[in-house]
Amino acid sequence: MQNLLISILIPFKNTEAFIGGCLKSIIDQTYTHWELIIIDDNSTDNSFSVVDDFAKNDERITLLKNSGSGIIDALQLAFKTSSGALITRMDSDDLMQPNKLEVLAGNLLNHGKGYLSVGLVNYFSAEGIKAGYKSYEIWLNTLTKKGTNFSEIYKECVIPSPCWMIHRTDLIACDAFNPNKYPEDYDLAFRFYKHDFKCIPCDVVLHDWRDYGHRTSRTDAHYAENHFIPLKLDYFLELDYNSKKTLVVWGAGNKGKFIAKSLVEKNMEFEWICDNPKKIGKDIYGKILRPFCDLDAIENTQSIITVANKEAQFEIRAYLSKLKMKSLDDYVFFC
């Protein structure tokens, strides 16, 4: 198996405090036939020098400076420079478990092309992991253990951005990192889904995902919530919307209102329901909000559910299951 070259792609910016540990975790991999294409995205700290020291001592490491600006430009350059038959990503502030490359590559080669190899992740932080991140870790790992990641593609990003591996030809087929669209990891997950790649179940923790206050996903405007909802809606309308069904939007919070407004702007017909007595019967964006009980009178529906409350989601799933409705075909959760 080790005759196949794995290309590891890393963009980095101002991660001097962590990047040495990241690189050491790569060098310590049990799978040794890899190349690392690592791109400095205009760092202003000492990150470049740290990586340069590693590159001078290991010919498998290629260090370049981003000719553009931002993660997408850096990933495009890294992929263009790479030559491996198998491609994986890594974040410069995270750590690989020693067997990460071996497990991801082994699973991928056992299944062949048309598959996406993923692994379990473990959040860690010097300040402790907040409940939201721990909840995301548990949810994501539950999907990965069964290989059912794409069943909940519209909730949150179902593919851990630094813990996947794919055949080079498959990544090219879904246009690699070419669309300049953020959040780039979620967009790529949708393109994996669009090309009907299958996730390979995995029950092994392969990646240690560091959290800290100034991590890019926390501070960069490209990863703000207002970028996620449009991305979800655009892909839903392209990939899963059934024009033969009556589209129903559930919920009138910020997400529900954004989706409703977007559908109005697209001149799309839909019904809008909620359980807020202060909003039921109101005209918002030219649509009258209806109570949940009206759903029984609407036939042949496909619902976008924006209700965020976990207990309410559990009740909604039970209700939809009782009606024998199927995820993606009959409903999608957007949060």
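The values are calculated or read from the model by the stated rules, or taken from the named source; none is laboratory data. Keep in mind that what you see is a predicted model, and the values were worked out from it rather than measured. In this analysis, Cβ positions are derived from the backbone assuming ideal geometry, glycine residues included, and neighbour counts consider all displayed protein chains.
Per-residue answers, yes or no, for (1) within 25 Å of the chain's Cα centre (by Cα); (2) β-branched (Val, Ile, Thr); (3) at negative phi:
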| site | (1), (2), (3) |
| --- | --- |
| THR15 | yes, yes, yes |
| LYS24 | no, no, yes |
| ILE38 | yes, yes, yes |
| ASP41 | yes, no, yes |
| ASP45 | no, no, yes |
| VAL51 | no, yes, yes |
| VAL103 | yes, yes, yes |
| GLY106 | yes, no, yes |
*Collect the residues in the stretch 1-13 that are under 26 Å from the mean Cα position of the chain (by Cα) and over 17 Å from LEU77 (Cα atoms), keeping them in residue-number order.*
LEU5
_Checking the structure you have, find out if any residue of the stretch 12-20 is part of a helix (DSSP H, G or I) and closer than 18 Å to GLY84 by Cβ._
no
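Against the condition more than 30 Å from LYS113 (Cα to Cα) and either not assigned by TED's automatic domain parsing to the domain that holds TYR115 or not polar (S, T, N, Q) (or both), how does ALA55 come out, does it pass?
In short, yes.
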_Qualifying position, being more than 15 Å from ALA176 (Cβ to Cβ), in contact with a Gly (Cβ under 8 Å, 6 or more places away or on another chain) and surrounded by 13 or more Cβ atoms within 10 Å (Cβ to Cβ), among LEU140, LEU109, LEU120, LEU104_ = LEU104
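Determine if the stretch 260-269 includes at least one residue that is of a type in the set (Gly, Ala, Ser) and either assigned to a loop (DSSP other than H, G, I, E, B) or over 20 Å from ASP234 (Cα atoms) (or both).
Kept after step one, since they are of a type in the set (Gly, Ala, Ser), are these residues of the stretch 260-269: 260, 262.
Next cut, either assigned to a loop (DSSP other than H, G, I, E, B) or over 20 Å from ASP234 (Cα atoms) (or both) only: none.
No - not one qualifying residue is present in the stretch 260-269.
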*Pairs under 7 Å by beta carbon, first residue assigned by TED's automatic domain parsing to the domain that holds HIS195 in the stretch 150-161, partner at pLDDT 95 or above and among the basic types (Lys, Arg), six or more apart or different chains?*
TYR154/LYS232; SER161/ARG89
*Report the residue count in the stretch 274-305 for those that are in contact with a strand residue (DSSP E or B) (Cβ under 6 Å, 6 or more places away or on another chain), at pLDDT 95 or above and closer than 13 Å to ALA252 by Cα.*
6
*With respect to GLU299, is the statement that it is acidic (Asp, Glu) and over 21 Å from ASP330 (Cβ atoms) true?*
no
